[in-house]
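The values are calculated or read from the model by the stated rules, or taken from the named source; none is laboratory data. In this text, all values refer to a predicted model and were calculated from it rather than measured experimentally. All Cβ positions, even for glycine, are placed from backbone atoms using ideal geometry, and neighbour counts span all protein chains on display.
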Amino acid sequence: MKILVINCGSSSLKYQLFDMEKEQVLAKGLVERIGIEGSRIKHSKTGMDAVTTETPIPNHRVGIKLVLDALLDKSHGVLSSLEELAAVGHRVVHAGEKFATSVKLEPKVLAALKECIPLAPLHNPANIMGIDAVSEVLPRVPQVGVFDTAFHQTMPRSAFIYAVPYGYYEKYGVRRYGFHGTSHYYVSHRAAEMLGRPIEKLKIVTCHLGNGSSITAVDGGRSIDTSMGFTPLAGVVMGTRCGDIDPALVSFLAETEKLSMKELDDLLNKKSGMLGISGISSDLRDIEEAAGRGEARSKLALQVLTCGIKKYIGAYAAEMGGLDAVVFTAGVGENSVQVRAMACEGLEFLGIEIDNARNSVRSKEAVISTDASKVRVLVIPTNEELVIARDTRRLVSEN
Ligand code: AMP
């Protein structure tokens with residue numbers, strides 16, 4: 001069975017084609033600058049060099065058509081006919097409280113996702129555009145939606161209710177939702193497999209640290225708390241997002257700097273985080289390099305980031321009443337030896353002990369704690385696309 005996985009942004013579209021017999025990626029690529037000058041598709045067949053084609057791509061429908069042409073291409077394609085395509089799985093950011101698992105994208109589901117647009121005004125419209133484009137180009141191929149918020153729907157009310165007037169929860173759905181659910185699900189289950197223990201018996205803190213970052217408490221395989229909130233702005237410090245701040249800062253900055261709500265939104269989402277503190281870059285590689293040269297604010301950015309991660313690990317261990325494993329994933333979590341070491345430093349009292357030699361790993365699965373460490377610390381490259389492909393296969397095979 002061949003399944004196409006799509007992650008659609010407002011001007012981009014990432015895709016992977018899976019052969020589900022061996023769970024192999026046959027081809028993948030990226031359509032960029034949709035609706036903008038200089039649009040292109042970069043496609044690579046597994047084992048071959050990527051091919052980039054610049055061509056006008058006015059909308060997502062044209063983008064999808066180009067993806068299908070690339071998949072059917074004689075030299076770098078992997079399909080002989082579109083009949084081979086069994087289903088399409090989409091990453092969808094926000095399903096509110098409507099869906100706690102992946103679902104087949106039927107008209108009433110799409111209507112429900114449209115109702116979630118006020119909760120994710122930047123993401124859901126783009127995801128829906130991708131779904132509509134596939135429906136137009138491949139009307140007979142079943143589609144499945146896999147939601148970033150779904151895994152966190154198991155959080156108890158005590159973890160998701162904000163202390164603002166309760167009526168806003170009832171009226172607007174104001175609450176913590178959490179994001180990166182597919183990644184937290186994947187790495188927590190993979191950690192259980194790597195440790196050879198049933199996930200039902202494990203208390204795990206999963207640290208998804210990338211451009212956007214979130215940390216989740218996974219107790220017995222269920223998310224019971226997570227650091228992102230109503231939006232993906234909350235939690236640990238991110239590349240350009242501020243993470244947790246005193247909410248009173250918003251009105252303070254609005255008044256003192258005479259900033260509009262739009263400008264504040266921009267400031268906290270795009271000019272804060274590691275970029276805001278370091279003044280150099282949002283990219284951790286640049287910050288590590290500058291800190292290595294002794295640049296004080298880059299050093300400080302690393303300290304603020306890792307102090308925040310440490311606080312979440314401690315808080316979630318307390319919330320779960322124990323801790324068996326900590327997992328690091330995503331761009332920073334998989335690659336930054338320094339961030340992992342600094343975040344775990346001083347946590348020996350919790351039973352966390354990193355082995356420096358094992359911690360030198362990048363982008364591959366490894367246990368990086370010492371043999372004596374009571375808590376296992378793991379690096380696990382995330383694979384959200386594989387979860388989407390598996391859920392899609394399961395749902396289209398059900399009837
Ligand atoms: P992601 O959002 O998961 O793609 O993560 C992207 C971030 O990972 C980048 O902004 C970098 O800060 C970080 N990153 C990627 N590779 C490395 C590396 N080798 N060392 C440190 N950070 C890295």
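Search the stretch 15-54 for residues being among the basic types (Lys, Arg) and buried (at least 18 other Cβ atoms within 10 Å of the Cβ), and hand back the single one that is farthest from Ala133 (Cα to Cα).
Lys45
Per-residue answers, yes or no, for (1) away from the ligand (no atom under 16 Å from the Cβ); (2) of a type in the set (A, V, I, L, M):
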{"site": "Ala191", "(1), (2)": "yes, yes"}
{"site": "Arg197", "(1), (2)": "yes, no"}
{"site": "Ile215", "(1), (2)": "no, yes"}
{"site": "Ser223", "(1), (2)": "yes, no"}
{"site": "Ala254", "(1), (2)": "yes, yes"}
{"site": "Glu257", "(1), (2)": "yes, no"}
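Test His184 against the criterion of being within 29 Å of Glu115 (Cα to Cα), in a strand (DSSP E or B) and within 16 Å of the ligand (Cβ to nearest atom), and give yes or no. Full working, then the answer.
Numbers: within 29 Å of Glu115 (Cα to Cα): yes; in a strand (DSSP E or B): no; within 16 Å of the ligand (Cβ to nearest atom): yes.
Here the answer is no, as His184 does not meet what is asked.
Among the numbered conditions (1) within 16 Å of the ligand (Cβ to nearest atom); (2) in a helix (DSSP H, G or I), tell me where Leu300 comes up short.
That leaves (1) as the condition not met.
Residues Leu233, Leu202: which one is surrounded by 19 or more Cβ atoms within 10 Å (Cβ to Cβ), out of contact with any strand residue (DSSP E or B) (no Cβ under 9 Å at 6 or more places or on another chain) and at pLDDT 95 or above? Can you show your working first?
Values: Leu202 fails: out of contact with any strand residue (DSSP E or B) (no Cβ under 9 Å at 6 or more places or on another chain).
So the residue among Leu233, Leu202 that is surrounded by 19 or more Cβ atoms within 10 Å (Cβ to Cβ), out of contact with any strand residue (DSSP E or B) (no Cβ under 9 Å at 6 or more places or on another chain) and at pLDDT 95 or above is Leu233.
Hey, could you check the stretch 263-275 for residues that are surrounded by fewer than 16 Cβ atoms within 10 Å (Cβ to Cβ) and over 20 Å from Val174 (Cβ atoms) and say which is farthest from the ligand (Cβ to nearest atom)?
Top of the filtered list is Glu263.
Which residues, counting only those in the stretch 349-399, are among the hydrophobic types (A, V, I, L, M, F, W, C), surrounded by 13 or more Cβ atoms within 10 Å (Cβ to Cβ) and either assigned to a helix (DSSP H, G or I) or touching a His at 6+ places or on another chain (Cβ under 7 Å) (or both)?
Result: Leu350, Leu386, Val387, Ile388, Ala389, Leu395, Val396.
Surrounded by 19 or more Cβ atoms within 10 Å (Cβ to Cβ), of a type in the set (Asp, Glu) and either within 16 Å of the ligand (Cβ to nearest atom) or outside any helix (DSSP H, G or I) (or both), is that true of Glu289?
Details: surrounded by 19 or more Cβ atoms within 10 Å (Cβ to Cβ): no; of a type in the set (Asp, Glu): yes; either within 16 Å of the ligand (Cβ to nearest atom) or outside any helix (DSSP H, G or I) (or both): yes.
For Glu289, the condition - surrounded by 19 or more Cβ atoms within 10 Å (Cβ to Cβ), of a type in the set (Asp, Glu) and either within 16 Å of the ligand (Cβ to nearest atom) or outside any helix (DSSP H, G or I) (or both) - is not met.
For the stretch 312-337, give me each residue that is surrounded by fewer than 21 Cβ atoms within 10 Å (Cβ to Cβ), under 16 Å from Ser214 (Cβ atoms), within 13 Å of the ligand (Cβ to nearest atom) and among the aliphatic types (A, V, I, L, M).
Of everything in the stretch 312-337, nothing turns out to be surrounded by fewer than 21 Cβ atoms within 10 Å (Cβ to Cβ), under 16 Å from Ser214 (Cβ atoms), within 13 Å of the ligand (Cβ to nearest atom) and among the aliphatic types (A, V, I, L, M).
Taking Val218 as meeting all but one of (1) β-branched (Val, Ile, Thr); (2) surrounded by 22 or more Cβ atoms within 10 Å (Cβ to Cβ); (3) in contact with a Gly (Cβ under 9 Å, 6 or more places away or on another chain), write down the number of the exception.
(3)
Can you tell me which of Asp244, Asp283 is at pLDDT 95 or above and either under 17 Å from the mean Cα position of the chain (by Cα) or within 14 Å of the ligand (Cβ to nearest atom) (or both)?
Asp283
Would you pick out the residues in the stretch 312-337 that are in contact with a Lys or Arg (Cβ under 6 Å, 6 or more places away or on another chain), assigned to a helix (DSSP H, G or I) and either within 15 Å of Thr226 (Cβ to Cβ) or hydrophobic (A, V, I, L, M, F, W, C) (or both)?
Applying the first criterion (in contact with a Lys or Arg (Cβ under 6 Å, 6 or more places away or on another chain)) to the stretch 312-337 yields 320, 322-325, 328, 335.
If we keep only those that are assigned to a helix (DSSP H, G or I) as well, we get 320, 335.
Within the stretch 312-337, just Met320 meets the criteria.
Please tell me if Arg340 is in a loop (DSSP other than H, G, I, E, B), closer than 21 Å to Gly212 by Cα and within 15 Å of the ligand (Cβ to nearest atom).
In short, no.
Going through Ile309, Ile280 one at a time, which residue ends up being in contact (Cβ under 8 Å) with a residue 12 or more places away in the chain, buried (at least 20 other Cβ atoms within 10 Å of the Cβ) and not in a strand (DSSP E or B)?
Numbers: Ile280 fails: buried (at least 20 other Cβ atoms within 10 Å of the Cβ).
Of Ile309, Ile280, the one residue that is in contact (Cβ under 8 Å) with a residue 12 or more places away in the chain, buried (at least 20 other Cβ atoms within 10 Å of the Cβ) and not in a strand (DSSP E or B) is Ile309.
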